[in-house]
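> Shown below is the structure under consideration.
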Amino acid sequence: MRSGFLYTRLAAQSIRLNARSYLPYLLSCMVTVALHYDIQFLNMNRGMDMLPGSSSIHGLLSIVVLAVDLFSFFLFFYTNSFLMKRRHHELGLYRILGMERRHLRKLLRREAVFTGLVAIGGGLVLGICFSQLFIVLFRSVMQTDVPLVFEVPRIAVFYTVFVYGFILLLSLVSNLAHVSLLRPIELLHGSDVGDREPKTRWLVTVLGLVFLAAGYFISIFTNPLQSLGLLLVAVLLVIVATYCLFSSASIAVLKRLRANKTYYYQPKHFFAVASMLHRMRRNAAGLATICVLSTMVLVTASTTLCMYAGAISGAMQEGGPEARSLMSGYFFVGLFLSILFLMAVTLIIYYKQVSEGYEDARGFTIMRQVGMSDDEAAMAIRGQISLVFLPPLVLATCHLLAALPMTGRIVMVFGITDSWFVMTCAAFTLVAYGALYLLVYLLTSRAYYRIVDGTRSLG
């Protein structure tokens, strides 16, 4: 009994002490669970069957539920891996003080129970509270008085608990295996181990460029509506190319910057280029993920905006009630997925800033001891953050431009044939997303600066 209380108290204390990392994780889990439940709430609502083309709407929402499941699996594992890395020192200290692996496993299990109760329980409560808001939003988008009623479908609750309980269980199994395999000294210093300078892999760079060109070619010169399989191939090619280019071409670019003595030997560039180069192998996956998610936001939001603006202008009023209902369903799904992808981008950027802040804190302390001023440190920090977060947005913009022909063919089905109109919607989306991206960059960079420089702020 006392032992159980001790582990419970240690688990609560650990989460409280790591609140800066755990709070965004728990909030994002709750919001994702709530959105997952609300999509099912709409799909299972009895009033949906009275909509024109209800079978198509049901199918569309079912695909969205599956997409959210896959998205949640990736997001939960990404954030969980970050949390475990930050916990290495704490868990290693417990081992040094006499805890065995079985004790750490008990501690992690209690933390998982607490996380599950907050994430799933809180998410369901939040989703049920948001149900009425989803009804209003769905009616507004469908432009009709959809006879939806407030209810709590048991199947939706059960499926949500099952899916997210399973994802959190897999995360727990991964954490238990991770702790069991590492020795105490590896846990104690796991987050402090440095990286060797990566080699430039020209073959991977060339393959990335070839895959990117092939994906762009399919998008520009084929009709995705006639071959959905080919469209999927194009998407996969672009995703693989993005990861290849960030893991190889980025290293080559950084080495070129280092070779430029005039650029490299400046306080604001030296530390940024040197530190990024040595951990680019780990950075690459995070930056590529930000780029891919940004592309999803841009393509989905620009297509959704184009459909909505076309509906307002009257370009899509032709066709029967079923066609208009399906168009409204696509618009609602596009709006929902855009918000979901944007939330993921924000969370990943935040965790990336916090993670790199902890890694760079010691380096900036050493640089100050050898003469770097506070102003030079601030310039170096801004330079490093800019080097990290500008490339994903630039490459995502290139992906958006390459996807414009595909977007034009999709909205053409709904009566929008003006290519300039499609490009205008894409440009507006890019400007709006760029502003949001900059806002997230500024907010999260403050968290980075607070970590590496104590109580000072970027001002």
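> What relative contact order, as a whole-number percentage, does the stretch 1-104 give when Cα pairs under 8 Å and 6 or more residues apart are counted? Walk me through the intermediate numbers first.
Details: 25 pairs, mean separation 24.6, N = 104.
Contact order relative to length: 24 percent.
> Now for a separate question. Report the Stokes-Einstein translational diffusion coefficient (µm² s⁻¹, integer) for the stretch 1-127, Rh taken as the Kirkwood radius over Cα pairs, at 25 °C with viscosity 0.890 mPa s. Don't jump to the answer; show the numbers that get you there.
On the way: Rh = 16.9 Å.
So the translational diffusion coefficient is about 145 µm²/s.
The numbers here are math on the coordinates, done by the rules we state, and not lab data. Predicted, not measured: the structure shown is a model, and the values here were computed from it.
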